[in-house]
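Visitor: Sharing a structure below in structure tokens format, with a few things to ask.
Just so it is clear, none of the values below were taken in a lab; they were calculated from the coordinates. Given the structure is predicted, the values throughout are model-derived calculations rather than measurements. Neighbour counts are summed over all protein chains in view; Cβ atoms, including those assigned to glycine, are modelled from backbone coordinates with ideal geometry.
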Amino acid sequence: MDGKERLRRYLEQRRETGERELVLDAMTVDDVMRIVGARPAARPGSATAPSPVSARDPQTRPPARPPAEPEIPGVASGDWRAVLAAADRDVAIPRITEPAPVQPPPRSAARRPASPPAPPRRDAIAAETTPATPSGGALWPAGIAVGEASHELFGGPLSAHQTLDDLARVIAKCTSCPLYGTATHPVPGEGSPAAQLVCVGEAPGATEDATGRPFVGPAGKLLDKILGAIQLAREDAFICNVLKHRPPGNRNPLPSEVAACSPYLVRQLELIRPRAILAFGTFAAQTLLQTPLTIGKLRGAVHRYYGVPLIVTYHPAALLRNPAWKRPTWEDVQYARRILDGTGL
């Protein structure tokens, strides 16, 4: 992987976590040059500066830069990665630790024969390879609360619509924002009207716009596996987006578009009355919780959206680009499972 590709991936990860600024003050010039793939200019008189002879004579040229480290291959199936694997894109990033510095033995022990290394403990291996069960672990702290649990729209414009199908027909005719004019199909959402879990994304993409269904394509297949990992079928949950029509070119939604669509989402939650919400991705989390905080700061807490516990995690599409985020996503959805089971609050 060359320097430019490394920098591109780094910037994509920063954008996925909601970061808009890049601070390089803590890095040396040589480190930044190395990231972008540029070789630092040698200082005059330094040991790395090529002599006039070495610049002309190929026999005395300095050795070429070592090749980049190869990509780390995927791990064997049988652990959490197999559950959340994306087709042909599952690349595991194992934890790498620096070896401890070798200390010289004390004089009194210098002539003692070395003892054989102790075999690894079974419980240590299990702790490293097996994720925590949904029924165990400490309770997460309380996060942001939006709205009140007693909120009802009995007197509002959507209060007359008592079923999800009825509400979907209203969404199909919605002209509250200009998105209806550029979209092919509305995407109100789908799933069980008695779902215990509601999954909320940002907005429909190209495939969703063409089919009228939420979370289809590679990201949707990964979402199905995520739900399967906590013993839920797609039909058992309700899956939707903040926006019900696709923004042109998958651009970020405008505040006016969010304001126009939010009442539909609130009414859907009122009709379903789920036990938990999973907010997938930075935009869905920031929109539902009305905060500019990044996803990294919103994870690991139980928020409330009109009284419903809400867990923030990464979007399945982001996991396809950044497999290292599958582990924290697994932790998030397991805690959502704990809430469904009544052990996470």
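Visitor: By its C-alpha gyration tensor, with a ≥ b ≥ c as the square roots of the eigenvalues, how is segment 157-308 shaped: rounded for a/c under 1.5, else prolate for a/b larger than b/c, else oblate?
Guide: rounded
Visitor: Then there is this: Where a Cα-Cα gap under 17 Å defines reach, which lysines qualify for Lys173, not counting those fewer than 8 residues away within the same chain?
Guide: Of all the lysines, those that pass the test against Lys173 - Cα under 17 Å, at least 8 places apart if same chain - are Lys244.
Visitor: Quick one: which residues, 5+ away or cross-chain, put their amide H under 5 Å from the amide H of Ala145? H built at 1.01 Å from N.
Guide: So Ala145 has HN proximity to Arg304.
Visitor: For segment 142-340, give the share of DSSP beta bridges that are antiparallel, in percent and rounded to the nearest 5; count only bridges with both residues there.
Guide: Restricted to segment 142-340, the bridges split so that about 25 percent are antiparallel.
Visitor: A further question follows. Could you rank the peptides 177-185, 278-286, 203-211 by their average count of other C-beta atoms within 10 Å per residue, with the highest value first?
Guide: 278-286, 203-211, 177-185
Visitor: If packing is taken as the average number of other Cβ atoms within 10 Å across a peptide's residues, how do 141-147, 192-198 rank, most packed first?
Guide: The most tightly packed comes first, giving 192-198, 141-147.
Visitor: Within the set of other residues whose C-beta is less than 13 Å from the C-beta of Ser176, count the net charge using Lys and Arg as +1 and Asp and Glu as -1.
Guide: +1
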